[in-house]
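Scroll down for the structure; my scribbles are underneath it.
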Amino acid sequence: MTENENNVFDPAGQDPSVSQAVMDTAAETENTLSGTDPVGFQEEPTPGKKNTKTMIIIIAVVAVLALAVIVGFASGLLGKKDPKTAVLDAFTATSAQSSKLMDNMYQENPVAKLMLAPTSASKKTDYTITLHSLSGFEGDQMVNQLISGAYLKGYFTNDLENSATEIYGELGLSQIDLISLYAFASPDLVAFNLPSISDTKLSVNMQTLAQDIEASPVFKDAISAEDLTLLQDSISSYFSGLGALDSQSFTAEMEAKMKELTDSLLANATFEGGDKVDDLRVYTVTIPGEDVRAFINELCRYLYIDSEFAKVYESAISPMLLNTDVPYEQFMEENILSQVDRMIPEMATVLTLGVGKGDIIKNFALTATTLEDVTGTVDAPVFQEISMDGVMDGLNETVNMSMELSADEEAFVVDVSAATSYADKAYTMDMDMGVTVGGTQVTYTLGMTADGAKETDNTQFTAFMGIKDNESNMDMTLDLGCTGTVSVSEEKTVVDLNDINADITVDQETISLNMGVKTESAALEAPLAFQGEHKELLKMTQEELAEVETEYYDGFMELVNRVLPFVLSEGASAPVPEEPASPMPAEPAA
């Protein structure tokens, strides 16, 4: 919970422990949608199976509700003064304290800053990833003989302001280079090649893509005119999405919109209380149900359609709409926003705050209960009740949330518990979520700790994730541990995690991975532009294309002739597991 100098909501400065959770949930929603066939949204639900579409909506609403709470805490618009003034002052003071504590923690623990508040500025990053070992399966000794010391190194440059990206990577084994890749992408040009095989960079003009394909001597019949238009629109959406990742481009817009929405939400709210209970002044804010419903609908529309950040979602979803006549906005209206509108009835909402010395909020409780007798369906469940409570002491916070939805004769119940703490220069965050549908329950567990002392320049990061499904008896866990150094300055950020251990366990079978990662990032000094020569792929004749194909084929065969003897020699020298001794034959019965 933070607040900028002008007392206006600032997403970039809010409490990152909550902010990151919201972004991760939005990213999960995007990834889920990206892997979903849009036609699938029209399918009839299969009895007895979890409805993917329903879960997408629930996750989206969870993100919106969490953001709504952040808005209330961070904007200062929701604190013996009159109750409304007291509530306002409480949010302002708590926000300022949280901001100061977070800044102090970032100074003491740079790895916590990387974990909670990563920057999205334009930058160039040099990286090296080294694989040390992979074990836990049959034949792992032979595999390790070959891959131990394998590496991927290169650089990644991202110019968010100009929606341009450049990537270079080299893949190799411990004693031999394998293959390298180069790619450049901008709204004007895409270029690529495999430098280890060919020096020829092939390119496509993104501004004239459709016309170039129609006039191409080789590719003119490869795609229809209608699909060409859709492809061009999809590519434009993708690059718009890259630009939207620059937080500077939408922060000011979001600040103004969030203030507008929050003012509207609280326009008809009542503020009461002020009496002391257990040394805390207790206040109650009651918000009419129709205002809550309008707030959630308007916030969803803003996030997924009207905001600058909506371009990120559009860039992810548009490619899967290529074979349909449905534009992104219509798709979101019909499959997301209309569903949210049906799922969210008018819910009377009551927020209770416990305020201590210095106008600092120490605890809160929120309940939202439907005012309508509406029962949902499996395809569109309806929220019946939402409850949330939390206890706060500086950077030590505990928050619990429960949501109940109705769907025909079944009930959806989502329970979330989250806690953060900071002590002895170690920041810890844990979250548990359970989703129950009928008799089926799936639980998710996530935990992470960033431990690092600035004076020793030594940091540790550990994480845990678990998924358990009581219907399929699936039980999966991921344990991740890292040790190394992190250096953060105005000029550059250097992360050197030389010992990363990951254990993946599925149904008591564990595979272990050990590797190292080093990155060095610095801000761009000039706009990113393509350098060097390139050949336009779509303007090539059949003969010119054949020459390039021959060049790539010859380079590939040269690579095979270099690598194959090495692979065979390493495989031959790998230790062969000893066969267990044959048991002695049993003595014949007397």
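From R301, R342, grab the single residue that is open to solvent by 40 Å² or more (accessible area, probe 1.4 Å), touching a strand residue (DSSP E or B) at 6+ places or on another chain (Cβ under 9 Å) and either closer than 21 Å to K259 by Cα or of a type in the set (K, R) (or both). Answer to the check: R342.
Any chance you could count how many residues in the range 353-373 are open to solvent by 20 Å² or more (accessible area, probe 1.4 Å), assigned to a strand (DSSP E or B) and under 17 Å from S95 (Cα atoms)? Number satisfying all stated conditions: 2. Hey, can you tell me all the residues within the range 388-415 that are open to solvent by less than 40 Å² (accessible area, probe 1.4 Å), at pLDDT 85 or above and more than 25 Å from the chain's Cα centre (by Cα)? Within the range 388-415, M392, G394 qualify. One residue alone among L478, L559, L545 is part of a helix (DSSP H, G or I), among the hydrophobic types (A, V, I, L, M, F, W, C) and either in contact with a Gly (Cβ under 9 Å, 6 or more places away or on another chain) or at pLDDT below 90 (or both), and that residue is L559. Checking the conditions here, which among D432, D499, D424 is open to solvent by less than 60 Å² (accessible area, probe 1.4 Å) and not hydrophobic (A, V, I, L, M, F, W, C)? Answer to the check: D499. Based on what the data block shows, is L568 within 22 Å of Q145 (Cα to Cα) and at pLDDT 50 or above? Considered against the rule, which asks whether it is within 22 Å of Q145 (Cα to Cα) and at pLDDT 50 or above, L568 comes out as yes.
Assessment of the range 223-230 against the conditions (at negative phi and crowded, with 16+ Cβ neighbours inside 10 Å) yields at least one matching residue. For a quick check of your reading of the model, give me the residue pairs whose first member lies in the range 267-280 and is of a type in the set (G, A, S), whose second is at pLDDT below 90, with beta-carbon atoms closer than 7 Å and at least 6 apart or on different chains. Filtered contacts from the range 267-280: G274/K80.
Of all residues in the range 119-147, those satisfying the criterion of being open to solvent by 50 Å² or more (accessible area, probe 1.4 Å) and of a type outside the set (A, V, I, L, M) are T119, K123, K124, D126, T128, H132, F137, E138, Q141, Q145. Against the test of being under 24 Å from D479 (Cβ atoms), crowded, with 18+ Cβ neighbours inside 10 Å, modelled with pLDDT under 85 and of a type in the set (A, V, I, L, M), the options A450, A418 yield a single qualifying residue, A450. The residues of the range 550-572 that are open to solvent by less than 70 Å² (accessible area, probe 1.4 Å) and under 23 Å from Q141 (Cα atoms), listed by number, are V563, F566, V567, S569, E570, G571.
Among the residues of the range 537-545, is any touching a helix residue (DSSP H, G or I) at 6+ places or on another chain (Cβ under 8 Å) and farther than 29 Å from T208 by Cβ? For the range 537-545, residues touching a helix residue (DSSP H, G or I) at 6+ places or on another chain (Cβ under 8 Å) and farther than 29 Å from T208 by Cβ: absent.
Only one of the numbered conditions (1) more than 38 Å from the chain's Cα centre (by Cα); (2) surrounded by fewer than 11 Cβ atoms within 10 Å (Cβ to Cβ) is violated by E547, and that is (2). In the range 246-279, what residues are modelled with pLDDT under 70 and surrounded by 19 or more Cβ atoms within 10 Å (Cβ to Cβ)? Within the range 246-279, D246, F250 qualify.
The values are calculated or read from the model by the stated rules, or taken from the named source; none is laboratory data. Since the structure is predicted, the reported quantities are computational estimates derived from the model, not experimental observations. Glycine gets a Cβ as well: all are built from the backbone with ideal geometry, and neighbour counts include every protein chain shown. Accessible surface is based on the protein model in full, side chains and every heavy atom, while ligands, DNA and RNA are left aside. Shrake-Rupley method; radii C 1.70, N 1.55, O 1.52, S 1.80 Å.
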